[in-house]
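The values are calculated or read from the model by the stated rules, or taken from the named source; none is laboratory data. Bear in mind the structure is a predicted one, so any value in this text is a computation, not a measurement. Reconstructed Cβ throughout: ideal geometry from the backbone, glycine too, with neighbour counts over all protein chains shown. Protein only, heavy atoms only, side chains kept; ligands, DNA and RNA dropped before computing areas. Shrake-Rupley method; radii C 1.70, N 1.55, O 1.52, S 1.80 Å.
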Amino acid sequence: MEHPALLWAALNRRFAENPGMRQRLFGRAGRGVTDGPSSILDALPSGLPPGWEADAREELDRARGLGAAVLTLQDESYPPLLRASSDPPLVLYVWGDLRPEDVLAVAVVGSRRATPLGLQVAGDLGRGLAAAGFTVVSGLARGIDAASHRGALDGGGRTIAVLGSGLDRIYPVEHHALAKSIAARGAVITEFPFGSAPLRRNFPERNRVIASMTWATVVVEAAQGSGSLITADLAADEGRTVYAVPGSVDEPNALGTNDLLRSGALLCRGAADVLEDLAPQIVEAAGSIARWRSPQAPLPGLGAAGTEAQAAREAAAGLASDEKRVLDKIPRTRGIGIERLGEACAMAPGALLATLLELELKGLVRQLPGRRFQATACKI
């Protein structure tokens with residue numbers, strides 16, 4: 001089983017050296033990326049360089065030395081929303097742990113040079129979303145990002161920091177203590193190999209991960225041309241909800257957010273606005289997580305296999321009508337693509353994703369690579 005991991009790591013290193021290569025080969029739809037490492041290798045014009053296996057093995061050894069996990073697109077614990085996106089990373093390096101409930105995630109991003117009001121709003125959003133059961137995702141940057149991470153931690157919830165560098169190059173360096181706190185109560189993740197510096201070209205790639213692994217993106221403050229606006233655009237491209245916090249017309253950090261509102265982003269005055277606009281199934285699932293959350297205890301049904309199976313059987317006995325309709329169309333022995341499933345169920349994409357999320361949290365459905373879904377053995 002190690003050789004596929006080596007191949008994934010080697011391919012990821014190759015793309016990290018040339019960020020545009022992946023999109024040139026596979027396009028924004030990610031065609032072929034989820035088929036497996038061999039198909040990706042076949043698409044590379046010049047293959048992998050000599051010594052790639054030794055370099056990849058060293059990469060995995062460095063991850064083990066840090067106590068970090070290395071997730072590939074084919075791992076079950078790879079974030080499901082990110083895997084279902086149009087351009088998922090081949091590999092994620094994870095310091096901390098990713099949990100199934102992290103699928104219920106909202107991004108909070110904004111200016112590095114934030115105003116005092118912006119910092120307060122970001123912290124309040126982090127606390128409010130965490131209290132409601134959502135995982136808060138941001139980029140560990142100065143300003144709004146750091147405030148939202150700290151707010152989530154203060155609220156007793158989980159938060160995920162996405163880097164534009166390797167795990168051994170925490171940036172900015174003064175946030176190393178914050179990153180350590182996040183890893184203890186969530187995860188610090190990156191697609192960039194060890195040793196990767198925080199280059200300017202890496203941050204749009206980081207922003208794509210933030211936008212793609214969350215149900216919604218909230219932009220708290222953004223000047224014109226801010227990288228946070230890139231995150232908002234990428235979220236919209238993925239069909240995710242975009243929110244913006246309004247600001248004064250004479251505040252430079254509000255120019256970008258006010259433009260987003262004029263362009264159709266939803267108004268966000270606090271966490272309550274996000275909870276009101278997201279699909280009810282998502283909010284209810286997050287509320288269940290908030291009620292069950294404790295520092296050590298996993299969610300019910302996510303422990304030993306016997307307990308999980310029993311929980312799934314109990315969940316299947318009380319499904320809502322939409323859940324039954326979707327579950328009936330998902331085979332046990334092979335996966336079904338999300339487009340075909342939507343046609344079979346005659347459901348809009350947003351409602352279908354929310355229903356699949358609920359079924360996945362109940363242990364009745366698992367997501368496979370390539371945006372495919374399979375019913376578990378507990379289907380009744």
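Yes or no: ARG332 at pLDDT 80 or above and over 22 Å from the mean Cα position of the chain (by Cα)? Spelling it out, it is not the case that ARG332 is at pLDDT 80 or above and over 22 Å from the mean Cα position of the chain (by Cα).
Of all the criteria given as (1) open to solvent by 10 Å² or more (accessible area, probe 1.4 Å); (2) at pLDDT 95 or above, the one not satisfied by LEU81 is (2). Sub-7 Å Cβ pairs linking a first residue in the range 239-258 that is over 21 Å from ASP124 (Cα atoms) to a second residue that is in a helix (DSSP H, G or I) and among the hydrophobic types (A, V, I, L, M, F, W, C), at least 6 apart or interchain, are ARG240/ALA211, ordered by first then second residue.
Looking at GLY128, GLY155, can you tell me which residue is more than 15 Å from ASN253 (Cβ to Cβ), open to solvent by 10 Å² or more (accessible area, probe 1.4 Å) and in contact with a Lys or Arg (Cβ under 6 Å, 6 or more places away or on another chain)? Steps first, answer last, please.
Working: GLY128 fails: in contact with a Lys or Arg (Cβ under 6 Å, 6 or more places away or on another chain).
Within the list GLY128, GLY155, the selection yields GLY155.
Against the numbered list (1) open to solvent by less than 20 Å² (accessible area, probe 1.4 Å); (2) more than 24 Å from TYR78 (Cβ to Cβ); (3) of a type outside the set (Val, Ile, Thr), ARG150 comes up short only at (1).
Any residue at all in the range 232-240 that is within 27 Å of ALA290 (Cβ to Cβ), modelled with pLDDT of 95 or more and in contact with an Asp or Glu (Cβ under 8 Å, 6 or more places away or on another chain)? No, every residue in the range 232-240 fails to be within 27 Å of ALA290 (Cβ to Cβ), modelled with pLDDT of 95 or more and in contact with an Asp or Glu (Cβ under 8 Å, 6 or more places away or on another chain).
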